[in-house]
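Each reported figure results from applying straightforward, stated rules to the coordinates on display, with no laboratory input. Fair warning: this is a prediction, and the values are worked out from it, not measured in the lab. Here the Cβ positions follow ideal geometry from the backbone for every residue, glycine too, while neighbour counts run over all protein chains shown.
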């Protein structure tokens, strides 16, 4: 499972270069984005503003996905006994139709932290907006679309040359089915990216978790990945395991490729182009969060509300330290957790 998303955490330390201050309003941010990308039109829903150059169908889909993600995030916050206060202003999402515009915008606004070509979406903590492009323009899906178009052309040529009508009809039905599968893959990928980055955004702008700006990256990703789903019409989040996410975790578990828990919870940063190791961290972190939500919810709530805050003596509370205090020695807890996962 390749999660082609990114939260640009290092952008928090970036020096302002665009005239936007940390207290810029939504209107200020929208005006700035449109000054850079005049082709982006403004679309508003109850809690979001989408700036996009794409078609209305995709924009409506994005709006619905964002709004549902917000509802599911609020539901989960109540489940772990924290308040998720409503932001004072609508949140901003920027949806590009093609990857080139996406990368150009990221280059202009993130400078040294701009994502690379294999990233399909990101959340920018400094600007508090999420940015993505339609994954139909991603390399793998666009190649699949090209191959499908070539196959249609071959079938049409065969029909023109007198091929058996029944064989032509069968081939056309197979291609139609393949086209429907490709569209579904695009929709599922789009939903996963939107949900993942929207959760990063909600964690960041909310005051539910006071130490969130000093969380290790694995904890941010654990929450975002655990919300991913390809069906937003049913409840989703850490208490609703996504089949594809679960399958990937079980593959790594069976192959004994998971990181030692002490290494996982000490992971402060990720190299997003490391491929397999990053995917393992994503899957393992999400599985751990979901398991704790189901089996050790009080400890999970305490962990999320205290990691990144400071003790009375001024010492920062780290994830490994708090987890050991809440769950016992991490090597022993890891054995109990993974044995339970195997069952």
Open item on the list: For the chain, give me the percentage of DSSP beta bridges that are antiparallel, rounded to the nearest 5 percent.
Closed with: 45 percent
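For 32, 282, what ranking results if the residue with the fewest other Cβ atoms within 10 Å of its Cβ goes first?
The order, fewest Cβ neighbours first, is 32, 282.
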Open item on the list: With equal scatterers on the alpha carbons only and no solvent term, can you work out the Debye log10 of I(q)/I(0) for the stretch 132-172 at 0.15, 0.33 1/Å?
Closed with: -0.47, -1.02
TODO: Compute the Kirkwood hydrodynamic radius of the stretch 209-343, taking the inverse of the mean of 1/r over all pairs of distinct Cα atoms, and give it in Å to one decimal.
DONE: 15.3 Å
Task: Distance between the stretch 164-240 and the stretch 57-100 - C-alpha centres, whole angstrom - done: 13 Å
Open item on the list: Please compute the Kirkwood hydrodynamic radius of the stretch 147-266 from all pairs of different C-alpha atoms, in Å with one decimal.
Closed with: 18.2 Å
Task: Degrees between helix 139-160 axis and first principal axis of the chain (Cα, 0 to 90, nearest 10) - done: 20 degrees
- [ ] Round to the nearest 10 and give me the degree value, 0 to 90, for the angle of helix 56-79's Cα axis relative to the longest principal axis of the chain.
- [x] 30 degrees
TODO: Using only Cα atoms, find the angle between the long axis of helix 217-227 and the longest principal axis of the chain, and express it within 0 to 90 degrees, rounded to the nearest 10.
DONE: 50 degrees
Task: Cα convex hull of the chain - mean projected area over all directions, nm² - done: 20.2 nm²
